[in-house]
Amino acid sequence: PLAAYDVTPASELSNTLPALPIEIDDPARCMRFSALAFEGLRSQPSPLWMQARLALCGMRPIDLIVDLTNYVMLELGQPMHAFDGAKIANIQVANAKPGTKFRTLDGVERSLPPETLMIQSDRKNVGIAGIMGGAETEVGPATTTVLLESANFDAATIRRAATEMGHRTEASARFEKSLDPANTILGLGRFHKLALRELPSLKLAGTLSDGYPRPKQPAPIRLDCEFAARVIGNIEGARLVTSERMIDIFSRLEFKCEMAGSGASRSATLEVTPPSFRATKDISIEADLIEEIARFVGYNNIIPSMPRMTARHLEPAKPLALEERTLSNFCLGADFVEVQNYIWHDDDWLKRIGFDPGECITLRNPAANNCSRLRKTLAPGLIAMAEQNRHHFDSFQLIEIGSVFEPGHDRVEASQHRRLGLLIGRQGKGSDKLVWDGLKLALAGWATHAFEAAVRFESAKETAPWEHGDRTAAVLLSEASIGRATLLPPELLTKLDERLRSWAFALAEVDLRPCVAMLEHFEKLPTVPRFPQPDLDFSVLIDASRRFGDAAKGLSSFRHPLLKRLTFIDSYEGGSIPDGRRSLLFRARIGSDERTLTDEEIHTFNVHFREFLTINGMELRS
């Protein structure tokens, strides 16, 4: 059980003496304001033990009154402030008026930010709430009555005021962290208890005054015991933490527990209400309760174990698979650089290239007045990219996979589809043929890589300002038209910039919708082998004039029950290789799904494969 806090009970602080009138204008910003007046509380040194403790905590001892408030603040976390009681007739907590200046205890006149929360008496400022008191109401040698304030303020209000004034204090640092409203009375009781030890003749000059317009009760939190036990896991000496164990832990920590469900030991549901001193920015959700149980049980007592998960094979979405494969082919295999343009047309740029896209889907809140139409083609953006990049490079290859929007649909999503845009630029004489052939070769490689199909080009008439009259082609894949390819005409280049005469650009745009249906079906990956699968390398010599495709085709006809995979590794000519000959390195992976292979089985495979190589005119290197 938690040790009882040694305080004077609130009942002993209440009497028949007059109460101090307290008025709180905004209960959301000042939740509670408690005050107690003392007589006989004089300025004198605090006891040596208290001075030592304060010094060890980094605070300078001053006198008994100040040291008592600091000691309680360090011990309980509740800041307090002492006023000269003769100068305080009543208390109001209100906002400072705009432009107000206030002299604080340190003698500095401060300009108060708007909505700074102030402590007032007769509507006159006597202290900055939660930060520092005023110089006019400071306790001095002539003070006969001390009014002790203990309040609770909104954390954000205090943090904002202290930051804007550039004046953070020990008190504001604690109020910024959200304190328990119940601590205001506890702080006064602790102050009274400590003060009586040093001043036996201390008397109360008034009854306990407490302004608490909206008492706050901690809200109960629902805890699923089975879920909590599963999250915490197994502990030493027991399988899982039971609900009875959880109730015992919470009871020791002064949490209130009530059963909210029925069932076996771990399937119960608890309604847990934290004590007020744990309910302010500490314990508020189920995860906090689970953490509390785990902390009490001991993290070192929890047996570490990996969570069990079920893995499933999910078929990849074909459109995404096509885009990933396309980017891999062009960026990794063909040295293209991916670019991304905005999804709207730039009207100023369209005027420069002389293109009118016609009816477009328009944006109600465009990024700029000339960018209100969603694009219908990727070409203008790629041409703009080319015009910018030619200042920095002699040649470049750009790829963009982006969305275009066709009007005439009820929803924007229905009008959106994906396209592939390619642009190859090169400077120098004879670049026209190089970029045109390079573009066709890149598209052919993509078709082979992505679809295992051939792409075909058919002559077509130009229909856009960026299409060349003699070098414009329709792109066909499996006899389906998927896009267009062209050279940028010299007239357009000259129109943009005279210096572009020395450049050549090839542009292609492909609609990816018909391409998705051409993707092959994906097969599930095989299971991870249970038994070792060794790799055997074979280096063979063939005639240098023999094509690699012929050699690979011959090897593909080899069959053996142990063979899992046969791959080409490397090719080498020269050096120790005889003239007119070429060395090819192949790797065979063998194995069994039922057992580990024996040395005899590996040897037998080796002999069969060597015989096959000899029959197919391949000589093993010694």
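Residues in segment 592-609 that are closer than 21 Å to Ser556 by Cβ and touching a residue at least 40 places away in the same chain (Cβ under 8 Å): Phe605, Asn606, His608, Phe609. When Arg214, Arg222, Arg174, Arg160 are checked against the criterion of being closer than 30 Å to Leu289 by Cβ, surrounded by 15 or more Cβ atoms within 10 Å (Cβ to Cβ), modelled with pLDDT of 90 or more and under 45 Å from the mean Cα position of the chain (by Cα), Arg174 stands alone in meeting it. With respect to the conditions (1) at pLDDT 85 or above; (2) open to solvent by 80 Å² or more (accessible area, probe 1.4 Å), Ser576 lacks only one, and its number is (1). Pairing residues of segment 345-365 that are under 13 Å from Thr377 (Cβ atoms) with residues that are at pLDDT 95 or above and hydroxyl-bearing (Ser, Thr, Tyr), at Cβ distances under 9 Å and at least 6 apart in sequence or on separate chains, gives His345/Thr377; Phe355/Thr377; Pro357/Thr377. Among all residues of segment 506-513, there is none that is surrounded by 12 or more Cβ atoms within 10 Å (Cβ to Cβ), of a type outside the set (Lys, Arg), without any contact (Cβ under 8 Å) to a residue 24 or more places away in the chain and within 20 Å of Pro380 (Cβ to Cβ). I'd like to know if segment 469-480 contains one or more residues that are exposed (fewer than 15 other Cβ atoms within 10 Å of the Cβ), in contact with a strand residue (DSSP E or B) (Cβ under 8 Å, 6 or more places away or on another chain) and of a type outside the set (D, E, K, R). Scanning segment 469-480, I find no residue that is exposed (fewer than 15 other Cβ atoms within 10 Å of the Cβ), in contact with a strand residue (DSSP E or B) (Cβ under 8 Å, 6 or more places away or on another chain) and of a type outside the set (D, E, K, R), so the answer is no. The combined condition, being surrounded by fewer than 12 Cβ atoms within 10 Å (Cβ to Cβ) and part of a helix (DSSP H, G or I), is not fulfilled by Leu314.
For segment 212-293, which strands (runs of 3 or more DSSP E) that fit wholly inside it have 3 or more residues that are in contact with a Cys (Cβ under 9 Å, 6 or more places away or on another chain)? Steps first, answer last, please.
Working: elements: 221-224, 256-259, 269-273.
Those strands (runs of 3 or more DSSP E) span 269-273.
If the condition is being touching a residue at least 12 places away in the same chain (Cβ under 8 Å), outside any strand (DSSP E or B) and either at positive phi or among the hydroxyl-bearing types (Ser, Thr, Tyr) (or both), then segment 416-462 contributes Gly428, Ser431, Glu452.
Of the numbered conditions (1) of a type in the set (S, T, N, Q); (2) open to solvent by 10 Å² or more (accessible area, probe 1.4 Å); (3) part of a loop (DSSP other than H, G, I, E, B); (4) closer than 26 Å to Ile24 by Cα, Gln78 satisfies every one except a single condition; which is it? Gln78 satisfies all of (1) of a type in the set (S, T, N, Q); (2) open to solvent by 10 Å² or more (accessible area, probe 1.4 Å); (3) part of a loop (DSSP other than H, G, I, E, B); (4) closer than 26 Å to Ile24 by Cα except (2).
The single condition among (1) within 21 Å of Leu204 (Cα to Cα); (2) of a type outside the set (Phe, Trp, Tyr); (3) outside any helix (DSSP H, G or I) that Ile65 does not meet is (3).
The values are calculated or read from the model by the stated rules, or taken from the named source; none is laboratory data. Since the structure is predicted, the reported quantities are computational estimates derived from the model, not experimental observations. Ideal geometry is used to build each Cβ from the backbone, glycine not excepted, and the neighbour counts take in all protein chains shown. Each accessible area value is taken on the protein alone, full model and side chains, heavy atoms only, with ligands, DNA and RNA left out. Shrake-Rupley method; radii C 1.70, N 1.55, O 1.52, S 1.80 Å.
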